[in-house]
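Presented below is the structure to which this report refers.
The values are calculated or read from the model by the stated rules, or taken from the named source; none is laboratory data. Note that the structure is a prediction, hence the values are computed from the model and not measured. Please note: Cβ atoms are built from the backbone with ideal geometry, for glycine as well, and neighbour counts cover all protein chains shown. Note: accessible area is taken over every heavy atom of the protein model, side chains too, but ligands, DNA and RNA are not part of it. Shrake-Rupley method; radii C 1.70, N 1.55, O 1.52, S 1.80 Å.
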Amino acid sequence: MPSLLITAGPETGREIDVPPGGIVIGRQAGVDVLLMGANVSRRHARVFLRDGAVMVEDLGSSNGTTINDKPVKGPQLMGVHDTLRLGVHHLRLSVAKSPDAEFTIHRKTRANLSNPELFSENAARKLQAVLELNQRLGRSLDTTELLTGLLDQLLVLFPQADRGMAIMIDRGNPALRMVRTRGPARSGATFSRSIVREVVERGMALLAEDTQAEARFVDNATLSAIGIQSLMCVPLQDHAQRVFGALQLDRLQMGSPFQSEDLYLFTAIAFQVSLLLENAQLHADLLQQERMARELEMARNIQLGFLPHEPLVLPSGRVDIYGVLHPALEVSGDFYDYFAMDSYRVGFCVADVAGKGMPAALFMSKVQAIGRHVAHLAEGPGDWLIRWNRAVATDNPQFMFVTVACGIYDSTRGFVHLAYAGHPPGLFRRRDGRVSSADSRPAPLLGVDLEFPPPAELVLELDDGDAVVLYTDGATESPSAPPGAGMFGPERLAATVAGLPDRSPLPIWADQICEAVHTFSKGSTGGDDLTLLLLRHGGAPS
């Protein structure tokens, strides 16, 4: 399969395969090959095969596509020695060859401390070099600083080297992390993926000498294009001998090629450097985890700050309503809300966004804001859900959805109108402790379709002390601990609500319900958020 090699630009060294069906290159998500850059159009160019030949076609890009600096007009043939340019990216054609014909390796050695070759000659010099390198770099915990110092020191230890490169494995692919040159920097910091692949997959250190003098090595377009005469490439391995990158030294001038003894010293140095880089990465990971923990804690506090916490007071007095949310993770996809709709009516809801973590939390914030806005336009909870769904589904590129239980409470007469969208039905608790399901025919999930049939509305008439309890499935679907008793379930929840002490403050009711769930599941909700909203008619107890 032919491939395109990026020889200049932000992603120098990247190799792009050209399958029989061809590829579209651009900077728009969804194209076959994503190539970033201000001068790259969303759908810039197409590269495809015709009768075995590689063809290039411009797709109406703003800045054009060129081959050897000549504009591409219509499908145009691209040869092995041609340079394709898309924005700042320069690409050369590389036709795949058999591994044996791609390059000549003059020396291989196992990158393993048990390999006697590494220490058979001039052990004192090797030890001195490793100790000096450790002294210079051992105190640094910054990867960039380590690599910069390392490559500079390697150019001192190996005076015949003209260039040093650090190559890291990123999601299974080699990527150039840093390059240092002796004297003025040279353009086209390219490396051979074939050589790096050999080093990474086999854990071998490789030496190739006088590559331009070898006919087979000249066939390697990657190396011959930049005039490499001799190179060494050694693996970087963690404490478990997993290869995470490679170091490469190149000689770009004729004469004084690298020798076997240079390869052994380079390999011994790589052992020590690998440990320093692994420690630096562990330190960076720890800092990243701490930063993420702080940011998640801030996100949690911000998210919880969106929820109502203060008592709701209407002209007729304080409304006895209370909500609580216990996130299973740092942030939640659940929410509850309540707010005054006018001087005597209260809108309230409980919702559960599909998914967990940050995506669900971000979507939750959007859905909550929309819900409060459209509620003031609605004629009842059913109309509220219809308007809410239309607004969410209209702009929902990730096709997320949410279940909702919502209601409107008339604080003067005690009427509660309820409606559901794919959500578990609430509970209706009489003052004497009798509990029944506040069920009605639900609408579909919010966010799936633009239109859905009007949901049925349930009307409850509350006497003083009667209450409505809404919840998310984190309450009913919490598993038992130890396993064997199933989930907490609607029946246990109803029994818990029935046993709540009459006229106790609603926060105490919420605490007792949550405590019953947590006792049943030994503190685990099965990875789901637990949210409750309680409303009681007759005013808040003093």
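Answer yes if at least one residue in segment 300-312 is part of a strand (DSSP E or B), over 18 Å from the mean Cα position of the chain (by Cα) and at pLDDT below 90, and no otherwise. Lay out the reasoning, then the answer.
At the first step, the residues of segment 300-312 found to be part of a strand (DSSP E or B) are 312.
Now drop any that are not over 18 Å from the mean Cα position of the chain (by Cα), which leaves 312.
Those still in the list that are at pLDDT below 90 too: none.
No, every residue in segment 300-312 fails to be part of a strand (DSSP E or B), over 18 Å from the mean Cα position of the chain (by Cα) and at pLDDT below 90.
Selection over segment 340-362 of residues that are under 25 Å from the mean Cα position of the chain (by Cα), open to solvent by less than 20 Å² (accessible area, probe 1.4 Å) and hydrophobic (A, V, I, L, M, F, W, C) gives a count of 3. Checked against (1) out of contact with any helix residue (DSSP H, G or I) (no Cβ under 8 Å at 6 or more places or on another chain); (2) farther than 30 Å from Ala351 by Cβ; (3) touching a residue at least 24 places away in the same chain (Cβ under 8 Å), Ala280 passes all but a single condition, namely (1). When Phe339, Phe335 are checked against the criterion of being at pLDDT 90 or above and farther than 21 Å from Asp395 by Cα, a single residue qualifies: Phe339.
From the set of residues in segment 380-402 that are polar (S, T, N, Q) and assigned to a loop (DSSP other than H, G, I, E, B), which is least open to solvent (accessible area, probe 1.4 Å)? Residue satisfying both the conditions and the ranking: Asn396.
Has segment 335-348 got any residue that is assigned to a helix (DSSP H, G or I) and basic (Lys, Arg)?
To start, the set of residues in segment 335-348 that are assigned to a helix (DSSP H, G or I) comprises none.
Among the residues of segment 335-348, not one is assigned to a helix (DSSP H, G or I) and basic (Lys, Arg), which makes the answer no.
Going by the structure shown, is Asp463 out of contact with any Phe, Trp or Tyr (no Cβ under 6 Å at 6 or more places or on another chain), open to solvent by 30 Å² or more (accessible area, probe 1.4 Å) and farther than 23 Å from Val404 by Cβ? When the stated conditions are applied, Asp463 passes them. Screening Phe266 with (1) part of a loop (DSSP other than H, G, I, E, B); (2) within 17 Å of Ala208 (Cβ to Cβ) gives one miss only, at (1).
For Leu500, the criteria (1) part of a loop (DSSP other than H, G, I, E, B); (2) open to solvent by 60 Å² or more (accessible area, probe 1.4 Å); (3) at pLDDT 95 or above hold in every case but one, which is (2).
Which strands (runs of 3 or more DSSP E) sit wholly inside segment 1-59 and have at least 1 residues that are over 27 Å from the mean Cα position of the chain (by Cα)? Step through it out loud before you land on a result.
Details: elements: 3-8, 15-17, 23-26, 45-50, 53-58.
The qualifying strands (runs of 3 or more DSSP E) are 3-8, 45-50, 53-58.
If the condition is being at pLDDT below 95, surrounded by fewer than 17 Cβ atoms within 10 Å (Cβ to Cβ) and within 17 Å of Pro327 (Cα to Cα), then segment 503-524 contributes Glu515, Thr519, Lys522, Gly523, Ser524.
Right, Ser365: under 21 Å from Tyr471 (Cα atoms) and either open to solvent by 10 Å² or more (accessible area, probe 1.4 Å) or assigned to a loop (DSSP other than H, G, I, E, B) (or both) or not? So that I can check it myself, show each step before the final result.
Details: under 21 Å from Tyr471 (Cα atoms): yes; either open to solvent by 10 Å² or more (accessible area, probe 1.4 Å) or assigned to a loop (DSSP other than H, G, I, E, B) (or both): yes.
The answer is yes for Ser365.
Looking at segment 447-476, I want the residues that are closer than 23 Å to Ser504 by Cα and have a partner that is of a type in the set (Asp, Glu) with Cβ atoms under 6 Å, at least 6 apart or on another chain. Which pairs are those? As it stands, the answer is Thr472/Asp334; Thr472/Asp352, since those pairs meet every condition given.
Look at segment 427-443: where a residue is open to solvent by 20 Å² or more (accessible area, probe 1.4 Å) and a partner is of a type in the set (Ser, Thr, Tyr) and part of a strand (DSSP E or B), sitting 6+ places away or on another chain with Cβ atoms under 6 Å, you get Pro442/Tyr420. Here Leu530 meets each of (1) open to solvent by 10 Å² or more (accessible area, probe 1.4 Å); (2) in contact with a His (Cβ under 6 Å, 6 or more places away or on another chain) with one exception, condition (1).
The number of residues in segment 14-54 being crowded, with 20+ Cβ neighbours inside 10 Å and in contact with a Gly (Cβ under 9 Å, 6 or more places away or on another chain) comes to 7. Using the structure shown, decide if Ala405 is under 30 Å from Val313 (Cβ atoms), open to solvent by less than 60 Å² (accessible area, probe 1.4 Å), without any contact (Cβ under 8 Å) to a residue 40 or more places away in the chain and outside any loop (DSSP other than H, G, I, E, B). Spelling it out, it is not the case that Ala405 is under 30 Å from Val313 (Cβ atoms), open to solvent by less than 60 Å² (accessible area, probe 1.4 Å), without any contact (Cβ under 8 Å) to a residue 40 or more places away in the chain and outside any loop (DSSP other than H, G, I, E, B).
Ala419 meets each of the listed conditions (1) of a type in the set (Gly, Ala, Ser); (2) over 20 Å from Ala351 (Cβ atoms); (3) not in a loop (DSSP other than H, G, I, E, B) apart from (2).
At positive phi, out of contact with any helix residue (DSSP H, G or I) (no Cβ under 6 Å at 6 or more places or on another chain) and at pLDDT below 85: is that true of Gly60 in this structure? I'd like the intermediate steps shown before the answer.
Numbers: at positive phi: yes; out of contact with any helix residue (DSSP H, G or I) (no Cβ under 6 Å at 6 or more places or on another chain): yes; at pLDDT below 85: no.
For Gly60, the condition - at positive phi, out of contact with any helix residue (DSSP H, G or I) (no Cβ under 6 Å at 6 or more places or on another chain) and at pLDDT below 85 - is not met.
With respect to the conditions (1) under 30 Å from Asp262 (Cα atoms); (2) modelled with pLDDT under 85, Ala96 falls short on a single one, namely (1).
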